[in-house]
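Novice: Have a look at the structure that comes next, please.
The values are calculated or read from the model by the stated rules, or taken from the named source; none is laboratory data. Since the model is a prediction, treat every value here as computed from it, not as a measurement. Glycine gets a Cβ as well: all are built from the backbone with ideal geometry, and neighbour counts include every protein chain shown. For the accessible areas, the whole protein counts, side chains as well, though only heavy atoms, and no ligand, DNA or RNA atoms are used. Shrake-Rupley method; radii C 1.70, N 1.55, O 1.52, S 1.80 Å.
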Amino acid sequence: MTEATKATKAYAIDLDRGLRSVEEAVRVVQRAHDEIARCDQLLFRAQESGRKAAGELGVLLRTRNHTGVPAILDRLDALAAQVARSETDRVLVRRILHGEADGVADARHAPVVPRLTDQDLPRIPSVYDADDTQYETLQDVWESDHALTEEQYGITQQRIQTTADHLRMVVSRAVDSFGTPSAAEALLAEARRACTLWTSCVR
């Protein structure tokens, strides 16, 4: 075999090896893009399911069915956890494709979560708030008690509405934030606290 023939053969082998390397790289990139598409589809379906759950939550809040709300929040937690696992896969794939991790900002910046506590709600008045009024007749006592009952009822309705609105808003933001797991987790944690507060107002 002449030197020229050897060189030609070596070149052909190198070329074949190079082509196989290119083909393998193309397959890796294709699998990576397929994985990202899978993550996108999972996120889309989770947000669809989350919005449906949020709609069901709205019905329960309007009807003041406090026993059914925790199950809705459980569903949202499960959806968020599913997306969080998928987003971890997305970060790994993006590292392969671009040498970057789009979850860095998510981990570095804590999400801003609106808070609502009992101290933020109007206090329900009681008989102890009244001054030492001297009532002349039983009618005066009855009218005072009736006025206090009406005021207590009105304040209670305000508390229920405020907590329901907050819970509805937090859940909606959590569903929209599924693609940012730390934000979704923090918002759903606030939803749990808001649910407890709303339930205490309804009961």
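Novice: Using Cα pairs under 8 angstrom and six or more residues apart, how large is the relative contact order of the range 135-193, in percent?
Specialist: In percent, rounded to a whole number, it is 23.
Novice: Still on this structure, I have one more. Please list Phe178, Phe44 from largest to smallest accessible area, probe radius 1.4 Å, with all protein chains kept in place.
Specialist: From most exposed to least exposed: Phe44, Phe178.
Novice: For Cys201, what is the net charge nearby, where nearby means another residue's Cβ is under 15 Å from its Cβ and Lys, Arg count +1, Asp, Glu -1?
Specialist: It works out to a net charge of +4.
Novice: Using amide H atoms built in the peptide plane, which far-off residues or other-chain residues are under 5 Å from His66 H to H?
Specialist: Amide H to amide H, under 5 Å and 5 or more residues apart or across chains, His66 pairs with nothing.
Novice: What nm distance separates the two modelled labels at Arg115 and Thr149, each placed 7 Å from Cα along Cα→Cβ?
Specialist: Result for the modelled spin labels: 3.8 nm.
Novice: Could you let me know the centre-to-centre spacing of the range 151-173 and the range 53-89, using Cα atoms, in angstrom?
Specialist: What the calculation gives is 18 Å, centre to centre.
Novice: Just to make sure I understand: if all protein chains stay in place, what is the order of His33, His166, His66 by accessible area at 1.4 Å, largest first?
Specialist: From most accessible down to least: His33, His66, His166.
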